[in-house]
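Undergrad: Can you read through this structure? Questions will come right after.
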Amino acid sequence: MSANAATAEQMADAEMNRLLTALRAAQAEIGRTVLGQERIVEDLLIGLIAGGHVLLEGPPGVGKTLLVRTLATATGLSFARVQFTPDLMPADITGSMVLVPDTSGRNTLEFQRGAIFTQLLLADEINRATPRTQSALLEAMQERTVSAAGQTMTLPEPFFVLATQNPLEMDGTYILPEAQIDRFLLQLDVPLPTAETLAAILDSTTGSVSTTVQQFLTPADILAIQALVRSVPMADHVRRAIANFAISTHPVGADASADVKRYLRFGLSPRGAQALVLAAKGHALLNGRFNVSFDDIRAMLLATTRHRVHLNFEGRADGVSLETLLGRLLDTSIKGVL
């Protein structure tokens with residue numbers, strides 16, 4: 001290896017170490033502000049560095065909005081929040097044509113950009129808006145563009161949608177359509193804090209001292225880490241196990257198991273399999289490993305699949321655990337490639 005090549009490799013290694021160190025520092029900073037949600041913080045960062053969107057589900061008051069705001073500050077991403085309500089219109093998100101007076105006093109039509117033109121968009125209580133308004137995010141989430149006023153506009157990079165929703169059994173909510181929920185890389189369930197954690201939260205939030213969040217990353221750093229995630233290698237047999245797992249979840253498949261045929265309504269889409277691969281790569285990188293193991297797949301299995309694979313009526317009536325069934329299918333697929 002030449003001296004120039006060796007120096008370039010050292011610079012690349014140094015930059016990679018800098019990025020990963022900053023990422024872990026941001027993770028610790030978010031965890032210092034959002035107490036007791038270490039796993040949620042880790043998975044949220046994995047969604048960010050994997051280039052996907054995240055759906056947070058949990059009851060009101062557990063810190064979902066605080067988590068997103070803290071993430072925006074620690075990563076240096078521009079931030080906008082849209083509170084979804086039943087009367088919210090698509091143009092309230094994407095923008096609309098407005099009359100703007102020019103220097104001569106004439107009114108001209110101009111497109112006024114909506115809140116979606118940001119890097120980190122918080123769609124708060126997304127399931128309180130009608131399906132028509134929810135669908136305003138579809139193109140943005142998939143293509144990173146907005147089509148309006150006869151033109152297609154590119155969104156800032158990186159672009160990250162973090163949506164929160166209340167449990168569906170609460171009044172005044174609309175179930176997200178499958179086409180939209182499939183565009184979320186991860187669905188994370190935010191749990192209630194333990195008594196010990198709640199006591200720490202009360203101490204830190206009801207006193208006179210306010211917590212200041214420090215920035216550790218820039219948008220350019222996030223883009224570089226996203227490229228790094230995609231470069232994490234995955235062995236052929238690991239990739240094959242994911243493919244076999246995805247096929248095994250479809251009840252119409254020729255080799256579907258009896259439980260899958262009986263209890264599942266539909267299985268994992270190709271986009272869902274891609275999400276599992278990218279999330280596993282992000283998990284490996286965040287934990288300091290530059291290769292994907294089956295442990296990474298297991299760690300990200302439920303977050304990437306539980307909102308994409310649905311039980312049918314019989315499965316719900318019989319009290320079938322979707323998590324247990326998915327874990328069993330993955331274990332079978334892994335054994336099949338070893």
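The values are calculated or read from the model by the stated rules, or taken from the named source; none is laboratory data. Fair warning: this is a prediction, and the values are worked out from it, not measured in the lab. Note that we place each Cβ from the backbone using ideal geometry, even for glycine, and neighbour counts take in every protein chain shown. We work out accessible area using only protein heavy atoms, side chains counted, and drop any ligands, DNA or RNA first. Shrake-Rupley method; radii C 1.70, N 1.55, O 1.52, S 1.80 Å.
Undergrad: Across 5 Å bins from the origin, how do the percents of Cα pairs in segment 36-169 run, short distances first?
TA: The distribution over segment 36-169 is 2, 10, 19, 21, 18, 13, 8, 5, 3, 1, 1, 0, given as percents.
Undergrad: Any aspartates and glutamates with Cα under 19 Å of the LYS335 Cα? List them, leaving off those in the same chain fewer than 8 positions away.
TA: Result set, ordered by chain and number: ASP236, ASP255, ASP259, ASP295, ASP296, GLU323.
Undergrad: Over segment 224-338, what is the mean sequence separation of C-alpha contacts under 8 Å (at least six apart), divided by residue count, expressed as relative contact order in percent? Intermediate values should be presented prior to the final figure.
TA: Numbers: 149 pairs, mean separation 38.7, N = 115.
Over segment 224-338, the number comes to 34 percent.
Undergrad: Give me the accessible area of ASP13, 1.4 Å probe, in Å² rounded to the nearest 10.
TA: Rounded to the nearest 10, the figure is 70 Å².
Undergrad: For segment 12-154, calculate the relative contact order in percent as a whole number, restricting contacts to Cα pairs under 8 Å that are 6 or more residues apart. Don't skip to the answer; put the middle values down first.
TA: Numbers: 151 pairs, mean separation 28.9, N = 143.
With pairs under 8 Å counted, the relative contact order is 20 percent.
Undergrad: Given the peptides 51-57, 100-106, arrange them by the average over their residues of other C-beta atoms within 10 Å, most packed first.
TA: Working: 51-57: 22.6, 100-106: 8.0.
The packing order, highest mean first, is 51-57, 100-106.
Undergrad: What spacing in nm lies between the two simple spin-label points modelled at ALA28 and ASP13, each 7 Å away from Cα in the Cβ direction?
TA: 2.3 nm
Undergrad: Now for a separate question. Which of ALA28, ALA254, ALA148 moves the most in a Gaussian network model of the chain with Cα springs under 10 Å?
TA: So, out of ALA28, ALA254, ALA148, the one fluctuating most is ALA254.
Undergrad: Quick check on segment 17-83: what does the Kirkwood estimate of hydrodynamic radius come out to from the alpha carbon pairs, in Å?
TA: Values: mean 1/r = 0.0801 Å⁻¹.
Evaluated on segment 17-83, it is 12.5 Å.
Undergrad: Determine the gain in length on full extension of the stretch ASP331-THR197; use 0.36 nm per residue of separation and subtract their C-alpha separation, reporting nm with one decimal. Write out the running numbers ahead of the final one.
TA: Details: separation 134, 0.36 × 134 = 48.24 nm, distance 3.41 nm.
Additional length available on full extension: 44.8 nm.
Undergrad: Count the DSSP beta bridges whose two residues both fall in the chain, then state the antiparallel fraction as a percent rounded to the nearest 5.
TA: Of those bridges, close to 40 percent are antiparallel.
Undergrad: Cα extents of the chain along the three principal axes, largest first, in whole Å?
TA: 74, 63, 50
Undergrad: Can you give me the orientation-averaged projected area of the convex hull built on the Cα atoms of segment 197-253, in nm²?
TA: Numbers: hull surface 35.5 nm².
With every direction weighted equally, the projected area is 8.9 nm².
Undergrad: Here's a follow-up. What's the FRET efficiency of ARG81 with LEU20 using the Cβ-Cβ distance as r and R₀ = 22 Å, to the nearest 0.05?
TA: Using R0 = 22 Å, I get an efficiency of 0.15.
Undergrad: Along segment 80-91, what does the Karplus equation 6.51 cos²θ - 1.76 cosθ + 1.60 (θ = phi - 60°) give for ³J(HN,Hα), rounded to whole Hz, x for Gly and Pro?
TA: Rounded to whole hertz, the list is 9, 10, 10, 8, 7, 9, x, 9, 5, 9, x, 5.
Undergrad: Relative contact order for the chain: what percent, with Cα pairs under 8 Å and sequence separation of 6 or more? Provide the component values of the computation, followed by the final result.
TA: Numbers: 538 pairs, mean separation 68.2, N = 338.
Rounded, it is 20 percent for the chain.
Undergrad: Now for a separate question. Give, to the nearest whole percent, the P(r) tail of segment 132-243 beyond 22 angstrom, counting all Cα pairs.
TA: On the way: 3928 of 6216 pairs.
When every Cα pair of segment 132-243 is considered, 63 percent fall beyond 22 Å.
Undergrad: Mind jotting down the distance between the C-alpha centroids of segment 189-231 and segment 103-144, whole Å?
TA: 26 Å
Undergrad: Right, something else. With every protein chain kept in the model, how would you rank THR211, THR70 by accessible area, 1.4 Å probe, largest at the top? Intermediate results must be reported in sequence, preceding the final value.
TA: Values: THR211 75, THR70 5 Å².
Reading off the accessible areas and sorting them downward yields THR211, THR70.
Undergrad: Calculate how many DSSP beta bridges within segment 1-135 are antiparallel, expressed in % of all such bridges and rounded to the nearest 5.
TA: Numbers: 7 of 12 bridges.
Counting DSSP beta bridges with both partners in segment 1-135, the antiparallel share is about 60 percent.
Undergrad: For the chain, with a Gaussian network of springs between Cα atoms less than 10 Å apart, report the residue from GLN226, GLN274, GLN151 with the top mean-square fluctuation.
TA: The residue with the greatest mean-square fluctuation here is GLN151.
Undergrad: Now for a different question. Quick one: ranking LYS281, LYS335 by accessible area, 1.4 Å probe, largest first, what do you get? Don't skip to the answer; put the middle values down first.
TA: On the way: LYS281 30, LYS335 150 Å².
Largest accessible area first, the list is LYS335, LYS281.
Undergrad: Still on this model: Of all the accessible heavy-atom surface of segment 38-111, with the other protein chains kept in place and a 1.4 Å probe, what percent is carbon and sulfur? Numbers along the way, then the final one.
TA: Numbers: 1760 of 3230 Å².
Here carbon and sulfur together make up 54 percent of the probe-accessible area.
Undergrad: To continue, here is another question. Whole number in Å², please: accessible area per residue of segment 188-331, 1.4 Å probe, ligands, DNA and RNA not counted. The partial results should precede the final answer.
TA: Working: 7370 Å² over 144 residues.
Heavy-atom accessible area per residue stands at 51 Å².
Undergrad: With label points built 7 Å along Cα→Cβ from the Cα atoms of ASP236 and LEU338, find their separation and express it in nm.
TA: With each label point 7 Å from Cα toward Cβ, the separation is 2.0 nm.
Undergrad: Show which lysines lie in cross-link reach of LYS64 when reach means a straight Cα distance below 28 angstrom and same-chain residues fewer than eight apart are skipped.
TA: Candidates past the 8-residue exclusion: LYS281.
Undergrad: Let me ask something additional. How many nm separate the modelled label positions at ALA149 and GLU314, each set 7 Å beyond the Cα in the direction of the Cβ?
TA: For the pair ALA149/GLU314, the computed spacing is 5.4 nm.
Undergrad: Going by accessible area, probe 1.4 Å, with all protein chains left in place, what is the ranking of ILE201, ILE126, largest first?
TA: ILE201, ILE126
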